[in-house]
Amino acid sequence: MKIFIKNKWKYYLLLVPIIIIIVIAAYTNDYYRVMPEVKIVLHSNDKVEYKGSPWIEYTAKNKIITKGLIIYPGGKVAPQAYAPLAEKLAESGLKVVIVPMPLNLAVFSPNKAEKVIEKYPKIRQWYIAGHSLGGVMAAQFAYKNQDKINGLILLASYPQKSSNLSSSVLKVLSIYGTRDGFVGKDKIDDSKKLLPKSTKWIPIKGGNHSQNGWYGLQKGDNTATITREDQQNIIGKSIVKFISEN
């Protein structure tokens with residue numbers, strides 16, 4: 001009987017790593033993929049140069065680049081979903097880098113921006129942006145690296161209490177949709193005590209959570225009353241203005 005029980009436990013222990021692998025594989029495969037419209041921007045054009053590895057990168061052509069923007073994707077969202085926005089931002093004279101995350105979750109690698117900054121020492125000013133969970137981690141990175149970051153851009157996001165920037169001189173832009181099903185105005189209002197008084201707030205009337213990228217409608221989000229193109233245009237113009245003024 002003892003031998004049977006002992007062998008039984010060995011069998012169970014062998015099953016544990018198999019179950020873990022199956023769970024991780026299922027979880028990894030469950031993420032928001034990009035919309036078909038994204039494919040047309042995953043290449044260089046007459047205004048910007050595109051690179052797809054080790055991260056998604058757009059750089060303005062025929063311009064002296066002194067400012068860069070790093071984008072942290074939203075949780076379980078393919079990084080390419082932010083490529084159309086990145087391309088448009090780069091056209092204004094920036095280097096824009098979208099950083100892929102392990103399992104599409106920025107929480108697993110919140111300091112990835114360091115490698116981008118180290119690779120491009122000629123960039124004099126760095127800004128970091130993040131959507132949703134990506135924004136939370138971008139705020140954390142900005143909080144811990146205020147000597148390296150000139151500005152923080154939150155897209156439907158807010159900092160954790162542990163990343164309290166209320167007394168910081170860091171420039172901050174917070175953009176959110178009034179139809180957001182995940183980050184409502186109550187959460188935005190609560191985040192004000194964690195951000196500098198100089199923070200610029202941009203509410204997008206009719207905008208939702210999902211239209212911060214190009215990945216369809218996120219489960220649990222509200223339907224927007226403006227188009228994705230309109231919401232993206234507001235986001236893009238707001239970011240360009242913010243960076244040009246700081």
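The values are calculated or read from the model by the stated rules, or taken from the named source; none is laboratory data. Note that the structure is a prediction, hence the values are computed from the model and not measured. Glycine also receives a Cβ, built like all others from the backbone with ideal geometry; neighbour counts cover every protein chain displayed.
Yes or no, residue by residue, for (1) among the hydrophobic types (A, V, I, L, M, F, W, C); (2) at pLDDT 95 or above; (3) over 23 Å from residue 239 (Cα atoms):
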| residue | (1), (2), (3) |
| --- | --- |
| 22 | yes, no, yes |
| 25 | yes, no, yes |
| 49 | no, yes, no |
| 57 | no, yes, no |
| 64 | yes, no, no |
| 70 | yes, yes, no |
| 73 | no, yes, no |
It is to be established whether one or more residues within region 146-160 are in contact (Cβ under 8 Å) with a residue 12 or more places away in the chain, out of contact with any strand residue (DSSP E or B) (no Cβ under 7 Å at 6 or more places or on another chain) and surrounded by fewer than 16 Cβ atoms within 10 Å (Cβ to Cβ).
yes
I'm trying to understand the selection: among the residues of region 227-246, which are outside any helix (DSSP H, G or I) and in contact with a Lys or Arg (Cβ under 6 Å, 6 or more places away or on another chain)?
246
Sort out which residues of region 210-227 are in contact with a Gly (Cβ under 6 Å, 6 or more places away or on another chain), within 14 Å of residue 76 (Cβ to Cβ) and of a type outside the set (D, E, K, R), and write them in order of number.
220
Going by the structure shown, is residue 212 at pLDDT 95 or above, under 22 Å from residue 152 (Cα atoms) and polar (S, T, N, Q)?
yes
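Residues are listed down the side, and each one gets a yes or a no for (1) at pLDDT 95 or above; (2) under 17 Å from the mean Cα position of the chain (by Cα):
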position	(1), (2)
146	yes, no
191	no, no
205	yes, no
225	yes, no
236	yes, yes
Just one of 115, 148 is more than 24 Å from residue 216 (Cβ to Cβ) and assigned to a loop (DSSP other than H, G, I, E, B); which is it?
148
Which of the strands (runs of 3 or more DSSP E) contained wholly in region 44-99 include at least 2 residues that are in contact (Cβ under 8 Å) with a residue 40 or more places away in the chain?
56-60, 67-72, 95-98
Name every residue in region 59-83 that is in contact with an Asp or Glu (Cβ under 8 Å, 6 or more places away or on another chain) and of a type outside the set (S, T, N, Q), in order of residue number.
60, 61, 76
Identify all residues within region 98-135 that are more than 15 Å from residue 78 (Cα to Cα), in contact with a Phe, Trp or Tyr (Cβ under 9 Å, 6 or more places away or on another chain) and surrounded by fewer than 23 Cβ atoms within 10 Å (Cβ to Cβ); write none if there are none.
110, 111, 112, 114, 115, 116, 117, 120, 126
What's the total number of residues in region 203-226 that are surrounded by 18 or more Cβ atoms within 10 Å (Cβ to Cβ) and not in a loop (DSSP other than H, G, I, E, B)?
4
